Amino acid sequence: MQPTRVISRHTKDLDTEYKWGFTTEVEEEVAPKGIDEDVIRYIWAKKQEPEWMLEWRLRAYRYWASLKYEEPRWASVHFPPIDYQGIHYYAAPKSVTGASSLEEVDPEIRKAFDKLGIPLQEQSRLAGVAVDAVFDSVSVATTYQKTLEKLGIIFCPFSEAIQKHPELVRKYMGSVVPYSDNFFAALNSAVFSDGSFIYVPKGVRCPMELMTYFRINSPDTGQFERTLIVADEGAYVSYLEGCTAPIRKSNQLHAAVVELVALDNAEIKYSTLQNWYPGDKEGKGGIYNFVTKRGKALGRRSKISWTQVETGSAITWKYPSVILQGDGSVGEFYSVALVNNYQQADTGTKMTHIGKNTRSTVIAKGISAGHGNNTYRGLIKIMPAAHNAKNFTRCDSLLIGDRSGAHTTPYIEVRNPTARIEHEASTSKVSDDQLFYCQQRGISEEEAHFMIINGFCRDIFKELPFEFAVEARGNLAAGSVPPPDCFVGCRLLAMTIRKRISGTGY
Amino acid sequence: MSHHNGDTRPPMLQIANLHVAIGDVEILKGVDLAVRLGEVHAIMGPNGSGKSTLVNVLAGRPGYTVTQGEVLYEGMDLLRMLPEERARAGVFLAFQYPVELPGVRNWQFIKTAVDSIRRHKGLKELSVREFDRLLQDKVRTMEFDPELIKRAVNEGFSGGEKKRNETIQLLMLDPKLALLDETDSGLDIDALRTVASAVNTRRSSSNATILVTHYQRILNYVTPDHVHILIDGRLVMFGGPALALEVEAKGYDWLRQAAETTG
């Protein structure tokens, strides 16, 4: 039976509160709808990749095809069957293909990034943040590449890395998330088009934030990006990704894979501000966000830290995880997931302790408003060789209104008796009394919610890179002392929450 | 009521025939009260008489139904205003049970409140330094532990600390009409004196205070212009400060009986 087509489900109402919902008129080159081996070859040819990439893609595709459209259904998210033959798997603005400089890129695309607060031109680019800007399936521009090159740091679009650094890509791609890892990882491995590649050489501390900004523009198009970050011995890098999409009546699929590798004494800090279009008030439209993110703390005393702020998407399905392989390695997961209207989030982490004296920390905050449903799902796994492993987990849920849901599903698997595992959980509700107390002091209901949520998330917001928070706002007066809570959250996020919570009418 | 003989200014607050219910239960059964600028009114009554209901309805707390009557505040129909609009127009309620706001720092909460009200008045938000100076001043006046300013609002505060925190907010927001809902209950004598002196310092011809209390104790430190006795949803008697002492000596029963016989 042909699955029902949901990728272009139409509705009348559009959510006007989503500030990043504009579309850009640009001529795009689009692969025919659907997926088969010819489409894989089409993408491979478009990207002018070497032969080994075609083999890899085809192996992934054949594995995916063997799953017969059976997505994993264990998560507590509900969606109608996705019509995988109704999606374009590749869409690239014509002006980008073959452009040798930013000047050749369609000014509309540059304007779009300006509007998003991510100017790409040399004169106006963000200070202290190098940006790789990805528009639909391709990277448009990467700033500060020259500056970084002097330090031996590679920061480039994934497709460029395949051309210029094939040895590194072949060594690490799929080493953390093999294509057979899961349904969506297999799909991504078959059709991924771009994303970022980062290599920080031995002993180098990357002096600036590296950031990729993902923008979906074209309708009925999936985005399948792939990011690979390798921190060599003693290296440090802080990376940030942001994502937005236009308001579309149809659901759009986003299935990314992110792999991180940290060698001896290396540290990778990975932050996400996920703000894909969440759908309208009735739950129509929005991005299906099925993402596989995993880091391997391979080296001794290496460290991988995930911080995510998930406020967008109709469905979020992601579990940024750490394999703690090196002795003394550290894994961290800090998460805020906000759902409103009919959004669904099933997110959490897996910490797999393999090495001795490994430590992991998990702090997850879920906020549910409207009819939103939020699930924390986590696995703490202590393998037999992991002597003296330690984990601390805390899950807090905040409920707003009386139609939202919060669920916590922690799994703990211990195969070494020296392990020390702590788990704390709490659920609270924004009460009418709390709101009235704020209102009685002249604070609006909207501002009160914002304040309470901001307070609830403070532990997580402080993990976000401060430079970005400042830059993203762009107008913080130089030299002014921020009030204590001013820098806990990036203002982008603050705006999102404010927009999202207002006018929900619960 | 006729006890304002000789004062021809229109009251800042005029409550007329106010009936209020919670669900099907009528709590206030026709309250009339006029409050003029510069006045301090004490409303006394036994538990369950409707004292808290009165001030909470004035502040706009949800959960009450006004079935009859009206309230004019500075010429505005108070009952039609949102709670935050009332607050911005100068109505302040010191809560009997101040609410905890986990994660929200007291400092930030008070700053946000002060700024919201200033914005409403068309004034600029206070700079961090200006705000800090004002706040530190009040913290000292109220003999408040400065550490509590950095903590989450009322979280883990003792009863007395919560009431002092309410009073700091009263001083910071400097409202036209202060409603104090049993601010004196649960306070030791030192705290009671501090809170009372804050009410006294505020006293001026540009504001008014309604003080709701069960006991006469606080009235040893704050001398009200008028004392009203609320029993079973009705204001059954009014008088000067001496009335409070009489209630203290004789209890409420004689007033209750008097109310019943007069119907």
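The values are calculated or read from the model by the stated rules, or taken from the named source; none is laboratory data. Everything numeric in this text was worked out from a predicted model, so none of it was measured. All Cβ positions, even for glycine, are placed from backbone atoms using ideal geometry, and neighbour counts span all protein chains on display. These accessible areas exclude ligands, DNA and RNA; they are computed on the full protein's heavy atoms, side chains included. Shrake-Rupley method; radii C 1.70, N 1.55, O 1.52, S 1.80 Å.
The charge dipole of the range A:372-471, taken about the Cα centre with unit charges on the Cβ atoms of Lys, Arg (+1) and Asp, Glu (-1), comes to about 640 debye, rounded to the nearest 20. Between the helical axis of B:189-202 and the longest alpha-carbon principal axis of chain B there is an angle of about 90 degrees. Alpha-carbon geometry of the range B:222-263: the Rg and the Dmax are 10.3, 32 Å, given in that order. When you work out D = kT/(6 pi eta Rh) for the range A:226-378 at 25 °C and 0.890 mPa s, using the Kirkwood radius from C-alpha pairs as Rh and the Stokes-Einstein form, the result is 157 µm²/s.
Percentage of Cα-Cα pair distances in the range A:133-266 greater than 27 Å, rounded to whole percent? Across the range A:133-266, Cα pairs with separations above 27 Å total 19 percent. Relative contact order of chain B: 26 percent, from C-alpha pairs under 8 Å at least 6 residues apart in sequence. What the Cα atoms of the range A:406-464 give is an Rg and a Dmax of 17.7, 55 Å.
Sorting A:SER175, A:SER196 on solvent-accessible area from highest to lowest, probe radius 1.4 Å, gives A:SER175, A:SER196.
Could you state the angle between the C-alpha long axis of helix B:106-120 and the longest principal axis of the C-alpha atoms of chain B, as a value from 0 to 90 degrees rounded to the nearest 10? That works out to roughly 70 degrees.
Hydrodynamic radius of the range B:133-233 by the Kirkwood approach over all distinct alpha-carbon pairs: 14.3 Å. Taking the convex hull of the alpha carbon positions in the protein assembly as shown and averaging its projected area over all directions gives 37.7 nm².
Volume per residue of the convex hull around the Cα atoms, evaluated for the range B:13-262, comes out as 126 Å³.
When only the Cβ of Lys, Arg, Asp and Glu is charged (+1, +1, -1, -1), the dipole of chain A relative to its Cα centre reaches about 1100 debye.
Remark: the range A:345-354, residue by residue, has Karplus-estimated 3J(HN,Hα) of 10, 10, 8, x, 7, 10, 10, 9, 8, 10 Hz, where x stands for each Gly or Pro and the curve is 6.51 cos²θ - 1.76 cosθ + 1.60 at θ = phi - 60°. Measuring nothing but how far apart in sequence close Cα pairs (under 8 Å, 6+ apart) lie, relative to its length, the range B:158-251 scores a relative contact order of 25 percent.
Counting only DSSP beta bridges with both residues in the range A:33-318, the antiparallel share comes to about 10 percent. Counted over the range A:33-318 with a bin width of 10 Å, the fraction of Cα pairs per bin, in whole percents, is 6, 30, 37, 22, 4, 0. The listed residues B:ARG36, A:ARG170 rank as A:ARG170, B:ARG36 when sorted by accessible area, largest first, using a 1.4 Å probe. For the range A:288-402, taking the reciprocal of the average inverse distance between every pair of different Cα atoms yields a Kirkwood hydrodynamic radius of 14.4 Å.
Of B:LYS176, A:LYS146, the residue with the largest accessible area leads and the full order is A:LYS146, B:LYS176 (1.4 Å probe). Annotation: amide H of A:ASN265 within the under-5 Å range of A:GLY234, A:ARG300, A:ARG301, A:SER302, sequence separation 5 or more or interchain, hydrogens built in the peptide plane. Amide H to amide H distances under 5 Å link B:VAL222 with no residue, where only residues 5 or more positions off or on other chains count and H is placed in the peptide plane. For the range B:1-71, the calculated P(r), taken from all Cα-Cα distances in 10 Å bins from zero up to the bin holding the longest distance, is 18, 50, 27, 5, 0 percent.
Kindly work out what percent of the DSSP beta bridges joining two residues of the protein assembly as shown are antiparallel, to the nearest 5. Of those bridges, close to 20 percent are antiparallel. Can you tell me the 0 to 90 degree angle between the C-alpha axis of helix B:241-250 and the longest principal axis of chain B, rounded to 10? Between helix and principal axis, roughly 70 degrees.
So what is the relative contact order of the range A:56-210, in percent, for Cα pairs below 8 Å that sit 6 or more residues apart? 31 percent.
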